[in-house]
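Here's the structure we're looking at; comments come further down.
The values are calculated or read from the model by the stated rules, or taken from the named source; none is laboratory data. Here the structure is a predicted model, which is why all the values come from computation and not from measurement. Note that we place each Cβ from the backbone using ideal geometry, even for glycine, and neighbour counts take in every protein chain shown. Please note that ligands, DNA and RNA were not included when accessible areas were found on the heavy atoms of the full protein model with its side chains. Shrake-Rupley method; radii C 1.70, N 1.55, O 1.52, S 1.80 Å.
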Amino acid sequence: MKRGQILGILALLLICAIAVIPAMGANVTTSYPQAPDAATNYYNSAVQLTTSGDNAAASGDNATASKSYLEAIALYDMALNSNTTEIQESDGLLYTYQGKSYAQIQLGNYTGAIDTLNAGLALYPTDEHLWNNKGYAQFKTGDYKDAVTSYNNALANDSNNTLTLVNKGDALVKLGNYQDAVTSYKAALANNPDSNETATKLAAAEKFTSAELPVSLIALVIVVIIAGAGVAYYILKKRPVQQKANEVPVKKAGSKKNKK
């Protein structure tokens, strides 16, 4: 190949490089995602701390877990106190209420969690996770009746939520409503047949249900006895008195005839 041809090829390659490289750079620059807003940054950091808290709790390091949850709650609050316009568009605001209430529950701050959940439900009234968390917090405070109501609200939006069905069964057991608890546990077990914990709870509730039958029979017998006693009292006491009352005028009339 002649020297002139080689130089011509090199020049051609140089021109292509000058034209193509800036175009590639422009494409790379425009493909970068926009930086998240402050609220999103706070939320992302809070999620990382919540996960760290879960890992520490699973390993038995409760002190580290508590610290992580507390720091996460502070960041969730910072997210809520920031401009939440962008985070709300991506449902990040909803997740912030979910995450904060979860961290509060892990710390045993059930009253605070309920306050957080009420604020979240004011914006997202049909979110099943918020309702489930509220039901759990109410359950832990001993408010079993309201807990069942919250679980029902959660199930109204997701009828096959296994966790909520189990939680509802637990609250119904506390209320002594074993029959409905059995129904709830069975529904949960249908979704997750391998759950030994749910199967154990179901068996215990069914035992209480079978124990209710003799009690009902005894109550029925007592009612029948009381009713029978009432009928007997009426027959033996009320009717004879009425008969004697009817006989009195006859005797008086007879005595007057004797006097004449």
Checklist entry - Within the stretch 160-168, is even one residue over 23 Å from LEU202 (Cβ atoms) and open to solvent by 70 Å² or more (accessible area, probe 1.4 Å)? => result no
Checklist entry - Within the stretch 119-129, is there a residue that is assigned to a helix (DSSP H, G or I), closer than 18 Å to THR162 by Cα and modelled with pLDDT of 95 or more? => result yes
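Conditions tested, residue by residue: (1) open to solvent by less than 70 Å² (accessible area, probe 1.4 Å); (2) in a helix (DSSP H, G or I); (3) farther than 27 Å from ASN62 by Cβ.
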{"position": "ASP115", "(1), (2), (3)": "no, yes, no"}
{"position": "ASN132", "(1), (2), (3)": "yes, yes, no"}
{"position": "PHE139", "(1), (2), (3)": "yes, yes, no"}
{"position": "ALA147", "(1), (2), (3)": "yes, yes, no"}
{"position": "SER150", "(1), (2), (3)": "yes, yes, yes"}
{"position": "GLN179", "(1), (2), (3)": "no, yes, yes"}
{"position": "ALA190", "(1), (2), (3)": "no, yes, yes"}
Checklist entry - Has the stretch 71-82 got any residue that is in a loop (DSSP other than H, G, I, E, B) and either hydroxyl-bearing (Ser, Thr, Tyr) or touching a Cys at 6+ places or on another chain (Cβ under 6 Å) (or both)? => result yes
Item to check | Which numbered condition LEU130 fails, given (1) in contact with a Phe, Trp or Tyr (Cβ under 7 Å, 6 or more places away or on another chain); (2) over 24 Å from TYR102 (Cβ atoms) | outcome: (2)
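A quick yes/no check of all residues on (1) surrounded by fewer than 24 Cβ atoms within 10 Å (Cβ to Cβ); (2) more than 13 Å from GLY135 (Cα to Cα):
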| site | (1), (2) |
| --- | --- |
| ALA74 | yes, yes |
| THR84 | yes, yes |
| GLY99 | yes, yes |
| GLN104 | no, yes |
| GLY108 | yes, yes |
| ASN118 | yes, no |
Item to check | Checking TYR69 against (1) crowded, with 20+ Cβ neighbours inside 10 Å; (2) within 26 Å of ASN160 (Cβ to Cβ), the condition it does not meet | outcome: (2)
Next on the checklist: Could you go through the stretch 87-101 and let me know if any residue there is at pLDDT 95 or above and within 13 Å of GLN138 (Cα to Cα).
Outcome noted: yes
